Each structure stands twice: as C-alpha cells, then as structure tokens.
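Notes to accompany the following structure.
Bear in mind that the values in this text are calculations on the coordinates, not laboratory data. As the structure is a prediction and not an experimental result, all values here were calculated from the model. Counting neighbours? That spans all protein chains shown, and the Cβs are built from the backbone with ideal geometry, glycine included.
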Amino acid sequence: MFKKILIANRGEIAIRVMRACKELGVSTVAVYSEADSNALFAKYADEAYCIGPPPSSRSYLNIDSIIDVARKTGAEAIHPGYGFLSENAKFASACEKAGIIFIGPSSEVIEKMGSKITARSAMIEAGVPVVPGDGRAIEDDATAIEIGESIGYPLMVKASAGGGGIGMKVVYTPEELTRALSSIRNVAASTFGDSTVFIEKYLEEPRHIEIQILADSQGNCLYLGDRECSIQRRHQKLIEEAPSPIMTPELRRDMGEAAVKAAKKIGYVNAGTVEFLYSKGDYYFLEVNTRLQVEHGVTELVTGIDIVKQQLRVACGEKLPFTQDDIEIRGSAIECRINAEDPLNDFAPSPGKIRRYRSAGGPGVRVDSGVHMGYVIPPFYDSMISKLCVWGSDREEAIARMKRALYEYVVVGVKTNIPFHRTVLSIDAFAKGDLTTHFIDDHDVLSA
Ligand code: ADP
C-alpha cells in the first residue's frame, strides 16, 4: 500500500478519500486555495499546502502546482476525487510523466471516454446498445437536418466533450435543430474548449440507471450493482438510490455484463461508472464516467465494499480481493445531495456562514460533509453542504429513514434544498418507485 498520497480536491470528497487513507494507514497531503485555508479537509490532512488564489483555474485546476506539491512532499499517488481534474487526461498524463500514480484509469482511457462520440463508437464495437442516433460529428446544417429526419424527432443535440448537464438541448423541429447546433457549439467551445457536436434520439420518459464497475490491472473487472439517478434538475442528479426500484436480478446481470464488456474492451482499470438510459424495457449506453462518482456511497451501503479503498489497492497494483459471485446487494440505500441553494429562487447558490448546524444521525444514516458550525461556504465552488445517505433493509425502510433524517437535519444561516428533498420523499410516485428523469417537472415539486 502507498505510504503517502495527495488529494487533489476539496470539501466532502477530499475528506471521504482521507478517511479511507486513515483506515489504511496512508498519510495524506491536502492542497487548498486561499478561500479554503480554514476548511475542514485542509485540517483533516496530515499535511496541507496552499496552491493559489480562490478561482479554481488558479488553484484546483493548476496542474503544475499540484504536481509540484506531490513531488516536494514525496506523495506516491494522487487521488483526484470528482470534478476539477478528475477526468482531465492532461492531468493524468502529467502524473504519469512525473512518476506519480494517478488513482484512476490511464490518460488514454480518460481521453477516449471524454469524447462522447468516441465513447459511443467504442460501445458499438463492444456490442453494447447505444441511444439511437448518429455517431458522427455534425459539420453543417444540411447534413444535420438530413440526419435528424432519419433519426426522427425529438432529438438531443449534444456536445461531444459535454459534462455536468451542460452542452445539450432537446429539439422538436429542423428550425430548432439548426439554432441549437450553433448555440451548443458556442457553449461547448467556451466551456470545454471543443465545439464538436452530435445528434441522438431524445428518449421521452427514460430512467437514468448506471452500473458501478471496478477493475484491477490484472484483467479482473466486476460490477458492483446499479444505481438509479432519475431525480434530476437540469440533467443534474439530486437524489440517487441503489438498487433501482425496477431492478431485477436478470436486468442487473444483463446491464452489469454489458458494462464489464465495455470496460474490458477499452482497457479500463480502477473504479468507473457506465451510465445508461432505460426506457420501456430497453437500456442504452449514455457515457462512461472515468472517476469516483458523487453517489458512490449508496453502492457502498448495499454492497459493504469501500470503493475508495479498492481504488487505492488497484492503483498500487493489487488484485481485486473478490469475484463477481462474492458481490451481494443487501437492502436499499438512498442519497440526497444537500446543497446550499434556494429552491424557491431557481436553486440559486446560497453561500455564506453556517450559523447553526446539526446533522442527522442514528441507525442506518451516513453523512459525508466538509462543513461545520461557523463554517463559511465560499462562493467560488459548488454549493454542496453534504451527502446524506441512508440504508434500510428494504426500500420502504430506506424512505422512512431518509424522511426521519431530513427531519433531524438542521442548517441555519444559509438556504438549503432540505425542504425540496422532504417534498420529493413524500410524493406517492416516489414511494412507488415510479421515476423518470422528468419527475421534478411532472410532479411540480417546486411549487408543492
Ligand atoms: P453529462 O455528461 O452532461 O452528465 P449525460 O450524457 O450523462 O450528460 O446526460 C445527463 C442527463 O441528461 C441524463 O441522465 C438524462 O436525464 C439526460 N439525457 C441525456 N441524453 C439523453 C437522451 N438522448 N434522451 C433523453 N434524455 C437524455
């Protein structure tokens, strides 16, 4: 096992990774921006170094300063968390060049999967079903209209380099299509530095179901079950659960084997997620996330496997200590992302000082957070306060437990989406597991 690693991230995920390190006896190095000098994660680490001013472009995204700290402190490996540099092939390659192990897949795999177009064609080659559409980059309006007619409206125009729900638009007519092409190209160029776009079928009432995979460098690759992430706002997940309420052992095996087939085809090593849309009995590949997901905790709760520890073990060359037959799904787990934002004001971020704070607890409750009473949430980064996860022996118990945990959770000083979560959890269709990615709009949650 490593003696020392650097965590190139902040907030709750930096602490999550450090917790695994502490249990494994691995020393930790934190890097932080000037806005985070008093943050919990910087204090939690064995060593902490400031890497620049608040804007992430000058700190958490500054590859040279991060590698420099790793070198100076003798960190053998870097865990990138999620967001920031976690899916940046240049960063993974800079680590590889500096002789530092990047805790994730190789830079080539990250690069390949970072392009939705390349990922899509790799899946077709692996025999995994993809969303109906056309895998070519769109060059001009006339070809787009032609392709659009052949797929059939409605369509989704997508940036190949897109992520975080940014760079996609639904269109119903050729006029909307040509307008969307130019607007998505502009957004993609400015956000991702790549204006390549493509078109696929827009599935109208899908569920988002994803498969967690884990692969070692000896060619073993397993799936750790599924997660349902259909409760979204603007294509961004808010509530996730494991397993999906519609999951059957057969479907899980089918989707799991498809994900493993895909991972093996691209030479995937470490933890990753293969995302699918599910509609009317069929599932379609959406994308591969080449990092630890925000929602990995629900999988940990139902499998009993610490995914971060496995990431570290695989990264230092160890073989996975279990086989597919050892993976068992027990009970049901739900996660609510607790954000400092105002659900009544279009979810506007609500940074500021947390004046009173008491997190939920008790049986079956797991809280991953990077905040505390008196902490000032800086305005520069995402607005997540914590991830509230619960486990129950079945979905009914998990829902009751989540309602109880949301009732216990007290955050004063900043606006939070806790009331929003309480509303969703109390909707009948949620209890029934009747979910689609349009759940929030369909149930008018915001005005409830
Ligand atoms: P990102 O990389 O930005 O996260 P994804 O491709 O993973 O984008 O899609 C995010 C979400 O957008 C999905 O969970 C789903 O709700 C919606 N979505 C994406 N593609 C489609 C599609 N073809 N049809 C319907 N919904 C889609």
Please give the calculated 222 nm ellipticity per residue for the chain, where each DSSP H segment of at least 4 residues contributes -39500 (n - 2.57) and the sum is spread over every residue; nearest 500 deg cm²/dmol? -10000 deg cm²/dmol
Over the range 125-171, with a single point scatterer placed on each C-alpha, what log10 of the ratio I(q)/I(0) does the Debye formula yield at q = 0.19, 0.21, 0.31, 0.32 1/Å? -0.71, -0.85, -1.27, -1.29
Which three extents, in whole angstrom, do the alpha-carbon atoms of the range 249-310 cover along their principal axes, largest first? 35, 26, 19
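Taking 20 Å as the cut-off for C-alpha to C-alpha distance, list the pairs among LYS3/LYS319; LYS4/LYS387; LYS116/LYS309; LYS387/LYS415; LYS72/LYS97 that go past it.
Numbers: LYS3/LYS319 18 Å; LYS4/LYS387 26 Å; LYS116/LYS309 29 Å; LYS387/LYS415 16 Å; LYS72/LYS97 16 Å.
From the list (LYS3/LYS319; LYS4/LYS387; LYS116/LYS309; LYS387/LYS415; LYS72/LYS97), the Cα-Cα distance tops 20 Å for LYS4/LYS387; LYS116/LYS309.
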Once the chain is represented by equal point scatterers at the alpha-carbon sites, with solvent omitted, what log10 I(q)/I(0) does the Debye formula produce at q = 0.06, 0.10, 0.13 Å⁻¹? -0.24, -0.72, -1.29
In Å, the Kirkwood hydrodynamic radius from C-alpha pairs for the range 1-45 sits at 10.4
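Which values, in whole Å and largest first, are the semi-axes of the equivalent ellipsoid of the range 1-115 obtained as the square root of 5 times each eigenvalue of the Cα gyration tensor? Please report the intermediate quantities before stating the final value.
Values: eigenvalues 80, 55, 33 Å².
With the √(5λ) rule applied to the range 1-115, the semi-axes are 20, 17, 13 Å.
Could you tell me the relative contact order of the range 301-448? Use alpha-carbon pairs under 8 Å, at least six residues apart, and round to a whole percent.
Numbers: 229 pairs, mean separation 39.2, N = 148.
Answer for the range 301-448 is 27 percent.
Would you mind working out the magnitude of the charge dipole of the range 330-448 relative to its Cα centre, with +1 at each Lys and Arg C-beta and -1 at each Asp and Glu C-beta, to the nearest 20 Debye?
Details: 15 positive and 15 negative charges, 142 e Å.
For the range 330-448, the charge dipole is close to 680 debye.
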Residue exposure sequence - GLU240, GLU205 - by fewest surrounding Cβ within 10 Å: GLU205, GLU240
Would you calculate the convex hull of the Cα atoms in the range 372-421 and tell me its volume per residue in Å³? 95
Spread of Cα-to-Cα distances over 10 Å intervals beginning at zero, given as percent, for the range 245-396: 9, 29, 33, 22, 7, 0
Expressed as a whole-number percentage, the relative contact order of the range 66-117 with C-alpha contacts under 8 angstrom and at least six residues apart is 37
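To make sure I understand, if each residue's beta carbon is the centre and we count other beta carbons within 10 Å, what order do ILE151, ILE338, ILE307 fall in, fewest to most? Don't skip to the answer; put the middle values down first.
Working: ILE151 17, ILE338 27, ILE307 20.
Neighbour counts put them in this order, fewest first: ILE151, ILE307, ILE338.
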Kindly give Rg over Rh for the range 324-432, based on alpha-carbon atoms, with the Kirkwood expression for the hydrodynamic radius. 1.02
Debye log10 I(q)/I(0) at q = 0.11, 0.18, 0.22 Å⁻¹ for the range 190-306, Cα point scatterers: -0.37, -0.97, -1.34
Relative contact order of the chain, pairs being alpha-carbon contacts under 8 Å that are 6 or more residues apart, as %: 14
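What is the order of ASP441, ASP325, ASP141, ASP226, fewest Cβ neighbours within 10 Å to most?
The fewest-first ordering by Cβ neighbours comes to ASP325, ASP441, ASP141, ASP226.
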Rg(Cα) of the range 189-247 divided by 2.2 N^0.38 Å? 1.53
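In whole Å and largest first, what semi-axes does the C-alpha gyration tensor of the range 270-347 yield when each eigenvalue is scaled by 5 and square-rooted?
Details: eigenvalues 147, 67, 44 Å².
One finds semi-axes of 27, 18, 15 Å for the range 270-347.
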